[in-house]
Structure formats: C-alpha cells, structure tokens
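Visitor: Next up is a structure, given as structure tokens.
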Amino acid sequence: MLTFLLRRLLTMLLTALCLTFVVFFLTNLSPNLEKVAKSEAGSRITDAEVASWLEKNGYARPMLVRYGEWIGLAPGWRRDEAGVISGRCIARGTDPAAAPRFCGVIQGYWGQSTVFKEPVAGIVATRLGLTGILMFWVMAVMVPSALLIGMLAGMREGSRLDRSLSTVSIASTATPEYVSGVIFIALFASSMTGLKWFKGTATSAMDTITFENFFLPVMTIAVYGIGYIARMTRASMAEVMTAQYIRTARLKGVAFGQVVMRHALRNALIAPFTVIMLQFPWLLNGVVIVETLFNYKGFGWTLVQAAGNNDIQLLLGCSVVAVVVVLVTQLISDVGYVFLNPRIRIS
Amino acid sequence: MQDLGWGAITLSVLKQFLPVWLALALTFAASIRYRRRLGLYGKLFDSAIGMTGFALVMLWVFTALFADLIATHDVLSQISQMKNKLPGTMQPDGAGWYLLGGDHLGRDVFSRMIAGSRVVIQIAPMATLFAFMVGITLGLPAGYFGGRLDTALSFLANLVLAFPVILLFYLLVTPEIVETGLPQYMAVVLFLFPLIFLTVLLNARYYVMPARRNLILALVIVIGGWAYLALVSDPGTRVALLPAALDPLRVPGNILIVFVSVVFVNAPTVFRIVRGLTLDIKTRDYVAAAQTRGERPWYIMLWEILPNARGPLIVDFCLRIGYTTILLGTLGFFGLGLSPESPDWGSTINAGRKLLTIAPHPAIVPALALMSLVLGLNLLADGLREESLRD
C-alpha cells in the first residue's frame, strides 16, 4: 500500500510538473510576451523597444530557466544597472540585500495579476472560496439525487421505472451546461414566460446566497452530472442485484426493501464513488461555463478573464490550481477505491 | 399578411422541413423492409430507443444535407427592423416571415439554426473519426506489447486527460498561439495517423501478396498523402508544404484549429478504451492461435483484435460524436475558434445569451437543436449497446 501510494504521488508530481510546464510554455510564447510588453510599456513601441523591455524584465532568457524561477527551483534573476539592482524577487522600493534568492510558486510567490492589479495568490484564494460554495451545493444536490435515481432504476432491471429513469438520465447527459442554463433562464427568469421565480444572474450570491439567486446555477451544473452518475449507479446496482447473496436473502424471506437497503446498496455504491470523484474535473468545466453565464465571479470566471486578457501570471496560477484539483481527486478516487473494496489488493 | 400565431409557426416550420421528412420516411421504410439482412444496423430497428435515436440523428444529417432548401433567409442578411423580434414576425416589406424570430442583429434565427447544423455535421463525425484513428493506432500496440511503450503512452494520455478542457482550448485557440502556427504543427502530427493506420492495416492484410500489396499501398500513399498535404498546408501560413496549384482543399484556418483541438482532446480517451479492450482480448484463444500460426503482431492487432473490439468501439463512437458536438458548442460559447458571424450553435448561443432575459429565443433555438442531436446520439448508442449485447 505504501509503495503504491508513493508511486502514485511521484507520478502525480511528474504530471503536475509537465502540465505546468506546458501551460508556462504556451503562455510565454513570443507573441504573448510581445503583447505583455506592449500593454505595459505602451502599445506604439517599436520592435527594438519591445526587445529591450523584455530584456530588462527578465523575459529574454531560456524558457526552462524562467520556468525554474517561476516554480521556485532556480534562483530569481538579478540585474545590476548602474548601481540599481532590480530582480525577480526584489519588490520595487525594497532593499535588494534583504530579498530572498528563490521566489516561485513553491515559496508562495505567485506573481502579480495585470488585470486585477493584485497579487495572484490572494485572487485565487478568494475566487476559489466562492467556487467552493457553488461546488458544495452542486454536490449536495447532484450526488443524492443521482444515487437515488440510479438505485431505483437498477433495483428492478428492465421494469417500467427503470426504462423511464434511464431515459431521463440519458436526456440529462445530453444537456450541457450552456444548454440547460439558457433554458432555465428563459423559463424561470425571463419576461417570455413571465414566471420570474429566480434571478438570471448570480452576482448577488457572492454576498448573500439566497434560494432565488443560487438555485439556477446549482441546478444547471447538477443536471449535466446527474445522468452520468445515475447510469453508473444503475449499472452497478443491477449487477449487485443478480448476485448470489441477494438471491439467498430473498429466498430466506427478507422483504425487498430490506434487501435493497441492507444488502445491495452498500456494495452497489463502491463503483459510483470513483465516478463521483472523477466528476470533479468535469465540474471544473461546468463551473467555468456557469460562472460566465450567470456572472458569478468565482474561479471559473477568473480563469476566463485571465485567458481573455492575456494575464500570464494569473492564468498560470489558475492552471496550477486546476491541475492540482484534478490530480488530487484522481489520487483520492484510487486510494478510496482500494479502501472501499476489500477484494482489491495492491501488490 | 400578418404575424403568425404559434400554430401557424409550427405548421410552417414543419413544411420547411419537408425534404427531411421525405428522406427520413424513405430511409425508415427501406431499413425496416430489409432489416433482417442488414446486420447490427438492421437490429437497431427492433428497439424503440435505438429507432428514436437514429431518427433524431438522421433528422439533423438530412437537415445539414438539404440546408439550402430548408432555410428561408440568408444566414448573414440583416433587417434592422427585425432585431429581437418574436417568432412569427412578418418582414417589414411583407415578403415573408421570420419563423423563429430575429436575433440581436436582425438575422433570421431559423435559417441560422439550419445552417448551424451543417457546421456540426461536417466537423463532429470527422473529428471523432480522426480521434479514433489516433487512439486505435496508439492504443493497440500499447495494449498488445505493454512494457515501456505502454507506460510512456499511458503517461502522455493521462497528461492530456488531466488538463482541464477549457483551459486547453483557451491556450490553443487564441490568435497569438495561432500566429505561431502551433495548431498547424499539431495538425501535421495528428492528421498523419489516419494515413499510418490505413497503410499498416492494408500492409498487414496483403503482406503475403507482394505485387498486390505494392499496388494498393502505392495508391493509398499517393492519394492519402496528397489529401494529407492538402489538408494540412495552407499557403501563406507557417505550414505551406504544397504549392497553391495542387491544393484544392482550402480548409478555413479557424475550422482547422477547432478540428485539431477537438481531436486532441478526444484521442486520449479513445486510446484508453482501445488499450483496455486490447488487454482483455489478447488473452483469448484465437489470438494465441494466430500467434502460433506465426502471424506478425500488426496483423494480429488489426485483423484479429480490432474486429472483435468493434462492439464497444461503435457504441463509444456514437457517444463521442455527441461529446464532440458538446465540445464544439463549448468552443462557440466562449467565442473561441470559429468567427463570431458563424451560424454554428455554440456561437449563436453565445451571441444570444446577453439578452436572455428580454429575448430568449435566439439562444433557445440553437440550444434545443444541439440538445436534440446529442440526445439522438446518446439514444442511438444505448440502442446499439442493447442490441449488440443481445447475441
């Protein structure tokens, strides 16, 4: 078990390094840097001025070295210009001698956002908090309803209940967030139907969450996920229901409800656990769409802003968080599966 | 003449779809008549779910085919008085109606939705096919040989899979990155796989008949290679491999980029599926028999293992076209890749969502269209799975 964990962690670390390097590489390609130089030093500067700006700000060095500096494994650059020492780790107006040698993601230095004019670490933390609330409610709605649908459908395979619930879950997997969101807003928040039960934006939910402003975004994400989890639960439930011990329980006279609740359910929930954990990366996708659609300024919204405005540091920060979230959930799902299913032994 | 009511709108829309209804009726009549001779396809018509799914999918395929007959207006022509007008509003000159209303620029929502189906039907199945070629060409040897090759390829696949899709799109499909030619280089690599796949497939089959094999392979490489070069190269960009005179396939640059990014996102999942199936099938007796006969590895992979993995692959193919459609919509929704004027469903939803609370119809119409197509593909996959499990 320990070697398994260790190997997984090492692979994870390697994956994270590779992925962040890819993002770093793509955001630091020369046209992007040129754009940064033009937005910082004036849009009408010549090519030579762009080159000298990049040189002065430490961009004109090999990609790998700069990646090392950004991640915090290589010492930050320093530049001595007529006695004035500037450098990556030296904030303007501080003593160069007191500045640390390394400053990167590992040391907690995430850079400065050019769009929001604030440190990236702070932005990411607050936005992530907002998205965390959204995710929590999505999970709270999605998981129980999906498990319930899957359980009811898989309980008696082929019955009318199974058929109709399965069709519902297929329909829900065919409804991506931008479709369900648009339909929900048109039905419940527009002047077309005149219902106006809920609000079409979730901007006010950033201060106080009410049923009125938060129900639609939560439902929009949940609908797309419910179908998939429900189908997995149904398959696993249907398989368990054909097992020998279920037949034995039925034959010795246990009521059907008891069989489902006490014998089948626990064993049927092992497979969906993995699926639910692996839903997190998908939720990330949904979060970006829904936060854009409902104007809820969370992590997904920030990512879109960073990417749309060529805010390199913020985009890098966001991608680090996204990659870590994906990898950690993968790890939890693997480890949790081993814990839940005693039949699996990792050698 | 006056504005139409909901009943009249429904009737007119149904009337516009007349060629589609005819084609659907013909397809269904012929298929049901000869279903016993049509194998898995014929069996589809035994299940209500499969039939519903097939009907929905074919509805959109025929719509894309007959788009010019169905559409009532030009996709880009704007009538300023028709901005955000409700469905069934008459044109100011009295020449016709906007059946499903006008959008924020005064264009006909109905015609744009019809034209949008063409974009999806052109890109989604093709992109999925390419993703399958990549996934199969890499997944078969990874599963069959195992070892270092498997470790390396699986690591790469997991790398792409761990990448949040939207972030990837934002990084790949921005003008700055396009300027560096990166998506085109990716196209150079990814589009090579169908060619490799076909060559290896035919080489393995006709290896014992050298004369025939040489002829077939020469044909494939010349025609396929030319198509490959024509597809990849675009005069005036970084990858201009072919002179313009020999380049009849002018794929608009942004469509190529969208295509490449969708293939890139889908291929690793296909790889994982194919690898898993190969690991399972390679322990079967007929593979052992082929090995004992002395067949070469690629023959066993392509002509023994692959045909026996076709069931799950066909089902996944249907599901994946649906997923690709959703991805295309996502790209359009964020205004990435395709031009903002493009009538594809994602871009139209994106344009319509800003006025959603006042005039929802410009966004609702393409949203429902996209949903029905994906639903059709999912139902079709479900029907196919049920029917292929039955025997």
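Visitor: Out of all the residues in the stretch A:199-208, which are out of contact with any helix residue (DSSP H, G or I) (no Cβ under 7 Å at 6 or more places or on another chain) and open to solvent by 50 Å² or more (accessible area, probe 1.4 Å)?
Guide: Of everything in the stretch A:199-208, those that are out of contact with any helix residue (DSSP H, G or I) (no Cβ under 7 Å at 6 or more places or on another chain) and open to solvent by 50 Å² or more (accessible area, probe 1.4 Å) turn out to be A:D207, A:T208.
Visitor: Just for the stretch A:178-198: of the residues that are more than 9 Å from chain B (Cβ to nearest Cβ) and surrounded by 17 or more Cβ atoms within 10 Å (Cβ to Cβ), which one is nearest to B:L370 (Cα to Cα)?
Guide: Filtering first and then ranking leaves A:F184.
Visitor: Scan (1) of a type in the set (F, W, Y); (2) open to solvent by less than 70 Å² (accessible area, probe 1.4 Å); (3) over 26 Å from B:G346 (Cβ atoms) for the single condition A:Y224 breaks and write down its number.
Guide: Checking A:Y224 against (1) of a type in the set (F, W, Y); (2) open to solvent by less than 70 Å² (accessible area, probe 1.4 Å); (3) over 26 Å from B:G346 (Cβ atoms), the one that fails is (3).
Visitor: Being of a type outside the set (S, T, N, Q), part of a helix (DSSP H, G or I), open to solvent by 20 Å² or more (accessible area, probe 1.4 Å) and in contact (Cβ under 8 Å) with a residue 40 or more places away in the chain narrows it down to one residue among A:L216, A:L265; which is it?
Guide: A:L265
Visitor: Let me ask you something else. Would you confirm, using the coordinates I've provided, whether B:D285 is open to solvent by 50 Å² or more (accessible area, probe 1.4 Å), at pLDDT 90 or above and not basic (K, R)?
Guide: yes
Visitor: Look through A:F136, A:F102 and report the one residue that is at pLDDT below 90 and away from chain B (no Cβ under 14 Å). Before the answer, list the steps.
Guide: Values: A:F136 fails: at pLDDT below 90.
A:F102 is the lone residue from the list that is at pLDDT below 90 and away from chain B (no Cβ under 14 Å).
Visitor: Please determine whether any residue of the stretch B:288-298 is out of contact with any strand residue (DSSP E or B) (no Cβ under 6 Å at 6 or more places or on another chain), within 11 Å of chain A (Cβ to nearest Cβ) and touching a residue at least 12 places away in the same chain (Cβ under 8 Å).
Guide: No, the conditions are met nowhere in the stretch B:288-298.
Visitor: Can we say A:E69 is away from chain B (no Cβ under 14 Å), in a helix (DSSP H, G or I) and open to solvent by 60 Å² or more (accessible area, probe 1.4 Å)? Walk me through it before giving the result.
Guide: Details: away from chain B (no Cβ under 14 Å): yes; in a helix (DSSP H, G or I): yes; open to solvent by 60 Å² or more (accessible area, probe 1.4 Å): no.
Answer is no for this residue.
Visitor: Quick one: in the stretch B:72-90, which of the residues that are open to solvent by 50 Å² or more (accessible area, probe 1.4 Å) and over 16 Å from B:A363 (Cα atoms) is farthest from the chain's Cα centre (by Cα)?
Guide: Filtering the stretch B:72-90 for residues that are open to solvent by 50 Å² or more (accessible area, probe 1.4 Å) and over 16 Å from B:A363 (Cα atoms), the one farthest from the chain's Cα centre (by Cα) comes out as B:Q81.
Visitor: Which of the residues that make up the stretch B:339-380 are open to solvent by 10 Å² or more (accessible area, probe 1.4 Å), of a type in the set (V, I, T) and facing chain A (nearest Cβ under 7 Å)?
Guide: Of everything in the stretch B:339-380, those that are open to solvent by 10 Å² or more (accessible area, probe 1.4 Å), of a type in the set (V, I, T) and facing chain A (nearest Cβ under 7 Å) turn out to be B:T357, B:I358, B:I364.
Visitor: Scanning for something under 30 Å from A:D207 (Cβ atoms), basic (K, R), open to solvent by 30 Å² or more (accessible area, probe 1.4 Å) and outside any helix (DSSP H, G or I), does the stretch A:251-262 turn up at least one residue?
Guide: Start the filter on the stretch A:251-262 by keeping residues that are under 30 Å from A:D207 (Cβ atoms), which leaves none.
Checked against the condition, which is being under 30 Å from A:D207 (Cβ atoms), basic (K, R), open to solvent by 30 Å² or more (accessible area, probe 1.4 Å) and outside any helix (DSSP H, G or I), the stretch A:251-262 yields no hits at all.
Visitor: Here's a check for you: in the stretch A:28-42, which residue that is in contact with a Leu (Cβ under 9 Å, 6 or more places away or on another chain) and aliphatic (A, V, I, L, M) is farthest from the other protein chains (Cβ to nearest Cβ)?
Guide: Of everything passing the filter in the stretch A:28-42, A:A37 is farthest from the other protein chains (Cβ to nearest Cβ).
Visitor: Still on this structure, I have one more. Within the stretch B:121-164, how many residues are buried (at least 22 other Cβ atoms within 10 Å of the Cβ), part of a helix (DSSP H, G or I) and within 14 Å of chain A (Cβ to nearest Cβ)?
Guide: 1
Visitor: Next question. Need pairs with beta-carbon distance below 6 Å; first residue over 14 Å from B:Y170 (Cα atoms) and within the stretch A:25-37, second charged (D, E, K, R) and part of a helix (DSSP H, G or I); sequence gap 6+ or separate chains.
Guide: That search, which allows pairs on different chains as well, returns A:P31/B:E176; A:P31/B:E179.
Visitor: Do the conditions hold for A:V223, that is, is it within 25 Å of B:V173 (Cβ to Cβ), within 14 Å of another protein chain (Cβ to nearest Cβ), β-branched (V, I, T) and under 26 Å from the mean Cα position of the chain (by Cα)?
Guide: Criteria not met by A:V223.
Visitor: From (1) surrounded by 17 or more Cβ atoms within 10 Å (Cβ to Cβ); (2) not in a loop (DSSP other than H, G, I, E, B), pick out the condition that doesn't hold for A:G76.
Guide: All conditions are met except number (2).
Visitor: Among the residues of the stretch B:307-315, are any within 14 Å of another protein chain (Cβ to nearest Cβ) and of a type in the set (A, V, I, L, M, F, W, C)?
Guide: Yes, the conditions are met somewhere in the stretch B:307-315.
Visitor: How many residues does the stretch B:65-87 contain that are part of a helix (DSSP H, G or I) and of a type outside the set (S, T, Y)?
Guide: Qualifying residue count, the stretch B:65-87: 7.
Visitor: For the stretch B:300-343, enumerate the residues that are free of Cβ contacts under 8 Å to residues at least 12 places away in the same chain and within 23 Å of B:A290 (Cα to Cα).
Guide: B:P307, B:R310
Visitor: Which count do you get for residues in the stretch B:165-205 that are hydrophobic (A, V, I, L, M, F, W, C) and not in a helix (DSSP H, G or I)?
Guide: Residues meeting the conditions: 2.
Visitor: Within the stretch A:199-214, how many residues are more than 14 Å from chain B (Cβ to nearest Cβ) and not acidic (D, E)?
Guide: Summing the residues that are more than 14 Å from chain B (Cβ to nearest Cβ) and not acidic (D, E) in the stretch A:199-214 gives 8.
The values are calculated or read from the model by the stated rules, or taken from the named source; none is laboratory data. Bear in mind that the values here come from a model prediction, so they are computed numbers and not experimental data. Neighbour counts run over all protein chains shown; Cβ positions are idealised from the backbone, glycine included. Side chains included, ligands, DNA and RNA excluded: accessible areas come from the protein's heavy atoms. Shrake-Rupley method; radii C 1.70, N 1.55, O 1.52, S 1.80 Å.
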